[in-house]
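This report refers to the structure that appears directly beneath it.
The values are calculated or read from the model by the stated rules, or taken from the named source; none is laboratory data. Just so we're clear, the structure is a prediction, and the values are computed from it rather than from any experiment. Heads up, the Cβs are rebuilt from the backbone with ideal geometry, glycines too, and the neighbour counts pull from every protein chain shown.
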DNA sequence: TTTACTGCAAATAATTTGCAAAACT
DNA sequence: AGTTTTGCAAATTATTTGCAGTAAA
């Protein structure tokens, strides 16, 4: 699985290093969105051969090469995820922080309408929407 | 126009100060989204009786009181705008930075669908979508 | 007079960067 | 060997905060 990433990077002229291998492994083994800091923390407890700056640089590289998706899930940290699932929507609960992944087909009509009516080519492939999830709706009052 | 803001704040027990007046005036007179730094800069060139920290604190207050909308338009700064228009969508061009305001009705169906299918109450009142605007589409290649 | 509000300067905190040393190919 | 990549530590930058002084009410 990580092999694909490594092969692509090699083919494109990048070098493969233990650090990059670790980071890719951490990314692909996590099935959720993950921050640079989380990747660093999970790896750093085993080996000291990794620096947080390298994590950021590698993530930037992976995003630029289109192998990883960078997502804003609110808050101050940026999240990363492998692209394997393809486009999807993030439904981020403001109360419990849970992230539900909704089907991309949900916004296809919207994308079409924005193009037609505003001539705007919206990139909705990894959009995040904020709100309140089912569980928290029953607990909290909905301010909507 | 600003009077409404000031009245509401007074009624809710807040004090009215020259600084808050200035900030509210700057916000309401700007018909676009504006950053804290921009507000500060525009006011500070006339009077030294204003501090950037006060701008941030006042904006926080106005947002908490529901009088101003805080919006993430990508990039590292946060944008603010008076709520007068009511809910709307921001279409942010990644190329030229232009922000088109699209009608909220565009996403009403999406909101409904997310509620039905995922039991998720999405807050889409001031959503931003990133993409390429008409002008830039003809200039640039569309990576979509 | 009371206590909210402001100014100032220092603190945060995620991310970035310069540069010399290390290590892929 | 030659160039990319890394580690380290310092820089960046929007925003926040502690605190003492100022000013609404």
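Every residue, every condition in (1) within 26 Å of residue A:74 (Cβ to Cβ); (2) modelled with pLDDT of 95 or more; (3) within 8 Å of DNA strand D (Cβ to nearest atom), yes or no:
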position: A:14; (1), (2), (3): no, yes, yes
position: A:19; (1), (2), (3): no, yes, yes
position: A:30; (1), (2), (3): yes, no, no
position: A:33; (1), (2), (3): yes, no, no
position: A:36; (1), (2), (3): yes, yes, no
position: A:46; (1), (2), (3): no, no, no
position: A:53; (1), (2), (3): yes, yes, yes
position: A:56; (1), (2), (3): yes, yes, no
position: A:59; (1), (2), (3): yes, yes, no
| task | Just give me the residues in the range B:62-79 being within 13 Å of DNA strand C (Cβ to nearest atom) and in contact with a helix residue (DSSP H, G or I) (Cβ under 9 Å, 6 or more places away or on another chain), in sequence order. | result | B:62, B:65
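Pull up the range A:75-102, narrow it to residues that are within 10 Å of another protein chain (Cβ to nearest Cβ) and more than 15 Å from the chain's Cα centre (by Cα), then point me to the one that is surrounded by the most Cβ atoms within 10 Å (Cβ to Cβ). I'd like the intermediate steps shown before the answer.
First, the residues of the range A:75-102 that are within 10 Å of another protein chain (Cβ to nearest Cβ): A:89, A:91-94, A:98, A:100-102.
Now restrict to residues that are more than 15 Å from the chain's Cα centre (by Cα): A:93-94.
Values: A:93: 20, A:94: 16.
Result: A:93.
Out of the range A:51-61, which residues are within 23 Å of residue A:86 (Cβ to Cβ) and either within 10 Å of DNA strand C (Cβ to nearest atom) or within 14 Å of chain B (Cβ to nearest Cβ) (or both)?
Initial filter on the range A:51-61 (within 23 Å of residue A:86 (Cβ to Cβ)): A:58-61.
Once the filter is applied, which keeps residues that are within 23 Å of residue A:86 (Cβ to Cβ) and either within 10 Å of DNA strand C (Cβ to nearest atom) or within 14 Å of chain B (Cβ to nearest Cβ) (or both), the range A:51-61 yields A:59, A:60.
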| said: Which numbered condition in (1) within 24 Å of the chain's Cα centre (by Cα); (2) at pLDDT 90 or above is the only one that residue A:115 fails? | reply: (1)
| message | Return the residues of the range A:124-142 that are more than 9 Å from chain B (Cβ to nearest Cβ) and without any contact (Cβ under 8 Å) to a residue 40 or more places away in the chain; say none if nothing qualifies. | response | A:138, A:141
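Answer with yes or no whether residue B:112 is part of a helix (DSSP H, G or I) and within 11 Å of another protein chain (Cβ to nearest Cβ). Quick ask: steps written out before the conclusion?
Values: part of a helix (DSSP H, G or I): yes; within 11 Å of another protein chain (Cβ to nearest Cβ): yes.
The answer is yes for residue B:112.
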| The lone exception for residue A:97 - which of (1) in contact with a strand residue (DSSP E or B) (Cβ under 9 Å, 6 or more places away or on another chain); (2) closer than 24 Å to residue A:135 by Cα it fails | (1)
| remark: Flagged in the range A:1-45 as surrounded by 14 or more Cβ atoms within 10 Å (Cβ to Cβ), more than 12 Å from DNA strand C (Cβ to nearest atom) and part of a helix (DSSP H, G or I), in numbering order, are A:2, A:5, A:8, A:23, A:24, A:25, A:26, A:27, A:28, A:42, A:43, A:44
| request: Report whether or not residue A:48 is in a helix (DSSP H, G or I) and more than 10 Å from chain B (Cβ to nearest Cβ). | output: no
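For residue A:121, state whether it is at pLDDT 85 or above, surrounded by 20 or more Cβ atoms within 10 Å (Cβ to Cβ) and either facing another protein chain (nearest Cβ under 10 Å) or under 29 Å from residue A:27 (Cβ atoms) (or both).
Numbers: at pLDDT 85 or above: yes; surrounded by 20 or more Cβ atoms within 10 Å (Cβ to Cβ): yes; either facing another protein chain (nearest Cβ under 10 Å) or under 29 Å from residue A:27 (Cβ atoms) (or both): yes.
Here the answer is yes, as residue A:121 does meet what is asked.
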